[in-house]
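Written out below as structure tokens is the structure these notes cover.
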Amino acid sequence: MNLGAFSVSLAVKDIEASKLFYAKLGFTVFAGDQSQNWLILKNGDCVIGLFQGMFEKNILTFNPGWDGNAQKLDAFTDVRELQRQLKAQAIQLMSEADESTT
């Protein structure tokens, strides 16, 4: 099962302090808008997102349709198909994608 590009989304209290901390570990800003309280950082193939005031907890993020550089893929497994595969394995979902959307 190909879940797509993986990253960890971190709920941070101070995005500037967090950005400076991860910069010391070799991460650089890849995308985002600090004025909107979110940044995507990369260090090689490792991707983390910093989100201030958007989430209560950290989140594991999978982006079907993107590669590790957030570029659209020509072919990928649709999230609704992933949902069907997970449900077929008796994995309970907290929320579900709308099967009627495209």
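At-a-glance table
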quantity: Per-residue ³J(HN,Hα) for the range 20-32, Karplus 6.51 cos²θ - 1.76 cosθ + 1.60, θ = phi - 60°, Hz, x for Gly and Pro; calculated: 5, 4, 5, 4, 5, 8, x, 7, 10, 5, 10, 7, x
quantity: Cβ charges +1 (Lys, Arg) and -1 (Asp, Glu), total dipole of the chain, debye; calculated: 300
quantity: Volume of the Cα convex hull of the range 5-73, divided per residue and given in Å³; calculated: 80
quantity: In sequence order, calculated HN-Hα J values of the range 48-57 (Karplus, 6.51, -1.76, 1.60; Hz; x Gly/Pro); calculated: 10, x, 10, 10, 9, x, 9, 10, 7, 10
quantity: For the range 5-73, share of DSSP beta bridges that run antiparallel, in % to the nearest 5; calculated: 75
quantity: Residue among I40, N58, A70 farthest towards the positive dipole end of the range 40-85, charges placed on Cβ; calculated: N58
quantity: Distant-in-sequence amide H partners of V47 (H built 1.01 Å from N, under 5 Å); calculated: V8
quantity: Cut-off under 5 Å, modelled amide H: who pairs with A5 long-range; calculated: N63, G65, W66
quantity: Degrees between helix 79-88 axis and first principal axis of the chain (Cα, 0 to 90, nearest 10); calculated: 60
quantity: Amide hydrogen neighbours beyond the local backbone of A31, cut-off 5 Å, H modeled; calculated: I40
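Read the figures in this text as sums done on the coordinates, not as results from a lab. Note that the structure is a prediction, hence the values are computed from the model and not measured. Glycine also receives a Cβ, built like all others from the backbone with ideal geometry; neighbour counts cover every protein chain displayed.
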